[in-house]
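To start, the structure under review is shown below, and the notes come after it.
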Amino acid sequence: MTPMSFADIQRAVGGKLAVLLGGNSAEREISLKSGAAVSEAFRRQGLEIEAIDVADRDWMQRVQKFSHCFIALHGPGGEDGTVQGALECMGVTYTGSGVMASALGMDKLRCKQLWLSAGLNTPRFTTLHAHTDWQATVDELGPMIVKPACEGSSIGMSRAEAAAELEAAWQTANRYGQVFAEQWISGGEYTVAILDDAALPAIKLETDAAFYDFEAKYVSNETRYLCPCGLSEEDELELQQLALSAFREVGCRGWGRVDVMRAADGDFYLLEVNTVPGMTDHSLVPMAAKAAGLDFDQLVSRILAAAIAGGNAAERQGAP
Ligand SMILES: Nc1ncnc2c1ncn2[C@@H]1O[C@H](COP(=O)(O)OP(=O)(O)O)[C@@H](O)[C@H]1O
Ligand SMILES: [Mg+2]
């Protein structure tokens, strides 16, 4: 496929583009930063941008005036298929995954079930409830990480080893909806960005914290990001293929990012897929893109070009 030039993009979108940002999720602040960075990158290249906060009541009226939009929303109510569904109804072409894959990608538990059924590796897990036998769970899984199924940014997550800790961790996570415990994987942490159905170079994340928590993600200057990631060529290829299979299995399209742990024995384990990963200039996808020779402006253009090439649902179904 010949790459779309920026002039082609400008023509396709009629010179102006809506950028959806903000929203009401716990990741609102990150989304405002992603949306501002994306808007700036398109403006630099000569597109007229209207930034629309989906927390505003009139966001749908505003976005309806556009043929295309870039989704820079993270978390429930933006990354989870709801906004995508509204855009499908309005006939507005949007970046990234469709309704079903966005909804699935938001739900770590259902992704894990899907991956397991497809023979893809993910840490062992169990769902937690008020009536869970905490000790039996500890006996079965050993050290664990407790997570809300449908949150991001490490919100509500904690590590637990003993029964009392596990119950406390469940209580912390429970205010965000369904909760599960996953076997703790000791080893390296990697993330693989996907662009146009191809994996970009993997990034290794190193933190001195117990895990890559909210602080390590957005506040600490001590978190280290290695790209090249230090794996052998063969191992990186295996990791990239696993990430791409995970992405495809969920039905994702356009772009995204898959988080993976590598156990001490060298096996890779899928954690989650992000259908709208962070897009500030410090974020991971821009870092991987840079390693592949794409600067931030080129990256946002490629994401938008993929959406233009894919069209909206009506166009995909061949409707007039
Ligand atoms: N099974 C696990 N073993 C060890 N650490 C984990 C495990 N699952 C998650 N983590 C840590 O928690 C972080 C957040 O988990 P993740 O599933 O990627 O959720 P999110 O990024 O949506 O908050 C990971 O980046 C990793 O540092
Ligand atoms: Mg993650």
*List the number of the failed condition for T207; all other conditions in (1) surrounded by fewer than 21 Cβ atoms within 10 Å (Cβ to Cβ); (2) closer than 20 Å to T122 by Cα hold.*
(2)
*Across the range 138-171, what is the total count of residues that are away from ligand 2 (no atom under 16 Å from the Cβ) and out of contact with any strand residue (DSSP E or B) (no Cβ under 6 Å at 6 or more places or on another chain)?*
13
*asked:* Looking for something touching a Gly at 6+ places or on another chain (Cβ under 8 Å), away from ligand 2 (no atom under 16 Å from the Cβ) and more than 16 Å from S153 (Cβ to Cβ) - is there at least one such residue anywhere in the range 206-220?
replied: no
*Kindly indicate the residue of the range 166-197 that is in a helix (DSSP H, G or I) and within 15 Å of ligand 1 (Cβ to nearest atom) and also most open to solvent (accessible area, probe 1.4 Å) among those meeting that condition.*
T172
*Only residues that are on the phi > 0 side of the Ramachandran plot and either part of a helix (DSSP H, G or I) or touching a helix residue (DSSP H, G or I) at 6+ places or on another chain (Cβ under 8 Å) (or both): list them for the range 273-297, please.*
none
*asked:* Take F211 and tell me if it is over 26 Å from L47 (Cβ atoms) and not aliphatic (A, V, I, L, M).
replied: yes
*Given (1) within 18 Å of the chain's Cα centre (by Cα); (2) surrounded by fewer than 23 Cβ atoms within 10 Å (Cβ to Cβ), number of the condition V38 does not satisfy*: (2)
*asked:* If I ask for residues that are more than 15 Å from L120 (Cβ to Cβ), open to solvent by 50 Å² or more (accessible area, probe 1.4 Å), more than 16 Å from ligand 2 (Cβ to nearest atom) and not basic (K, R), which ones from the range 221-263 would you list?
replied: N221, E222, L226, P228, G230, S232, E233, E234, L237
*Sole exception among (1) without any contact (Cβ under 8 Å) to a residue 60 or more places away in the chain; (2) open to solvent by 30 Å² or more (accessible area, probe 1.4 Å) for Y218, by number*: (1)
*asked:* Just to confirm my filter: which strands (runs of 3 or more DSSP E) fall fully inside the range 58-160 and include at least 2 residues that are of a type in the set (G, A, S), under 26 Å from A26 (Cα atoms) and in the same structural domain as S31 (by TED's automatic domain parsing)?
replied: none
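The values are calculated or read from the model by the stated rules, or taken from the named source; none is laboratory data. As the structure is a computational prediction, the values presented were derived from the model and not from experiment. We place every Cβ from the backbone using ideal geometry, glycine too, and count neighbours over all the protein chains shown. These area figures cover heavy atoms from the full protein model, side chains too; ligands, DNA and RNA do not enter into them. Shrake-Rupley method; radii C 1.70, N 1.55, O 1.52, S 1.80 Å.
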